[in-house]
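I have placed the structure first, in the form of structure tokens, so that the comments after it can refer back to it.
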Amino acid sequence: MARQKLTIVVTCTDRKSTAPFDDLMVRSLPTATVSERVDAWVGRLKDAQSTTRLLDLYKGESWTQAKQLAVTAQRTGFDPEVFVASAGLGLRSVTDFGPSYAATFARGHEDSVVTGAADSRVWWKRLPHVEAPSNDHPSIWVLSESYALAMQDDLQPLNPSVSLVFGGASGTPAESRIRSDRNLRAALGGTMTSLNTRMANRWLELADGRLPTSAVVRQDWAKWAQHAQQSEHYDRRSLPDTSIRQLVEKMLGVHPKLSKTTALRNLRASGIACEQRRFSGLFEEARKA
């Protein structure tokens with residue numbers, strides 16, 4: 001019996017297996033309108049050598065979980081086709097080859113492509129994309145808020161009877177959206193950055209080959225989530241940007257190759273609160289200081 005096709009769309013990660021090319025770092029683009037910048041970017045992409053299969057280009061916990069999602073789909077009876085949504089490359093199959101690059105929709109990063117949701121949609125539309133996944137068979141989209149805002153026009157036509165969006169944003173169709181639930185992190189493990197993907201993995205496990213959007217699977221999820229939820233409480237103090245940059249500089253002084261993820265974990269473990277996007281920008285500033 002032929003397996004049911006399942007489209008999986010996940011987002012890229014900022015960690016790469018090879019260093020980005022100098023001219024494929026958004027920070028190197030000239031100051032201009034978003035349309036002019038993305039057109040210049042696309043021109044650079046055309047001239048770049050596509051050296052690495054996208055499945056092997058990305059690294060980190062989130063990407064490990066993205067690959068596990070395909071494994072779970074295969075194990076539970078589906079025939080998965082995986083796409084990656086990239087602020088640098090557009091929507092691509094993970095079997096495609098591409099160049100290493102540095103581009104993100106997350107704000108506060110030196111390689112952020114835009115500063116607002118409207119500009120992010122402009123940037124996304126002008127990137128080169130493969131043909132959009134078919135809306136005729138089941139699909140699972142795992143998107144952070146920033147990517148869901150950029151891809152809003154792609155999400156609006158989704159058929160809620162066969163499509164689910166884990167994470168998403170305010171403009172994501174409510175009928176398809178499964179909101180992030182940080183109270184499930186204790187049960188699912190991992191960091192907040194991989195929570196949406198871990199939720200999708202667990203959802204597929206509970207579906208066990210059944211149509212993921214079916215009412216019975218939604219009921220099974222609701223029952224599991226009700227018992228798995230565990231409130232997370234933090235008693236952390238807030239510090240101004242200058243103080244956090246100084247702390248990061250001290251960390252890097254001791255461990256020059258300290259990763260951003262580890263630095264944020266250490267900061268929070270010391271009782272200091274800092275939102276991930278804010279920290280990303282401060283970390284880059286401290287590293288350049």
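Values in this text are rule-based calculations from the coordinates and carry no lab data. Predicted model, so just to flag it, every value in this text is computed and none were measured. Heads up, the Cβs are rebuilt from the backbone with ideal geometry, glycines too, and the neighbour counts pull from every protein chain shown.
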With +1 on each Lys and Arg Cβ and -1 on each Asp and Glu Cβ, and nothing else charged, work out how big the dipole of region 139-289 is about its Cα centre, in Debye to the nearest 20.
580 debye
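When the Kirkwood radius is taken over all Cα pairs of region 1-101, what Stokes-Einstein diffusion coefficient follows at 37 °C and 0.692 mPa s, in µm²/s?
Working: Rh = 14.8 Å.
The Stokes-Einstein estimate is 222 µm²/s.
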Each residue of region 46-62 in order: what ³J(HN,Hα) in whole Hz does its phi give by Karplus 6.51 cos²θ - 1.76 cosθ + 1.60, θ = phi - 60°, with x for Gly and Pro?
5, 8, 7, 8, 8, 9, 10, 5, 4, 4, 9, 6, 8, 9, x, 4, 4
Comparing Ala187, Ala73, Ala117, which has the greatest mean-square fluctuation in the GNM of the chain with Cα pairs linked when under 10 Å apart?
Ala187
Around Phe166, which amide H atoms from residues at least 5 apart in sequence, or from another chain, sit under 5 Å from its own amide H, with H modelled in the peptide plane?
Trp141, Val142, Leu143, Ile178
Give the residue from Val114, Leu195, Ile272 lying farthest towards the positive end of the charge dipole for the chain; charges sit on Cβ (+1 for Lys and Arg, -1 for Asp and Glu) and the dipole is referred to the Cα centre.
Ile272
Based on the Cα coordinates of the chain, what is the per residue volume of their convex hull in Å³?
137 Å³
Amide H to amide H under 5 Å from Lys5: which residues, 5+ apart in sequence or cross-chain, H placed 1.01 Å off N in plane?
Asp79
Proxy exposure order for Cys274, Cys12 (fewest C-beta within 10 Å first) is Cys274, Cys12
Can you work out the Karplus-derived ³J(HN,Hα) for every residue in region 277-287? Use 6.51 cos²θ - 1.76 cosθ + 1.60 with θ = phi - 60°, whole Hz, and x for glycine or proline.
5, 4, 5, 4, x, 5, 5, 5, 5, 5, 5
What does the charge count around Thr64 come to, taking other residues whose C-beta lies under 11 Å from its C-beta (Lys +1, Arg +1, Asp -1, Glu -1)?
+3
Can you work out the PRE-style zone for Lys125? Point 7 Å along Cα to Cβ, and I want the residues of region 149-163 with backbone N under 14 Å.
150-156
Taking amide hydrogens as modeled 1.01 Å from N in the peptide plane, which residues meet the under 5 Å criterion relative to Phe21, leaving out close sequence neighbours?
Ser100, Tyr101
Which whole-number value in Å³ per residue fits the convex hull of the alpha carbons of region 237-288?
64 Å³
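Based only on the alpha carbon positions, what is the Kirkwood hydrodynamic radius of region 139-179, in angstrom? Spell out each step's value before the answer.
Working: mean 1/r = 0.1045 Å⁻¹.
Every distinct Cα pair counted, the radius reaches 9.6 Å.
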In whole Hz and in residue order, list the ³J(HN,Hα) couplings for region 68-80 that follow from phi through the Karplus curve 6.51 cos²θ - 1.76 cosθ + 1.60, θ = phi - 60°; x for Gly and Pro.
5, 4, 5, 5, 4, 4, 5, 5, 9, x, 9, 10, x
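Report the extension gain between Asp39 and Ser161 in nm, rounded to one decimal, defined as 0.36 nm multiplied by the number of residues separating them, less their alpha carbon distance. List each step's numbers first, then the result.
On the way: separation 122, 0.36 × 122 = 43.92 nm, distance 3.64 nm.
In short, 40.3 nm is gained.
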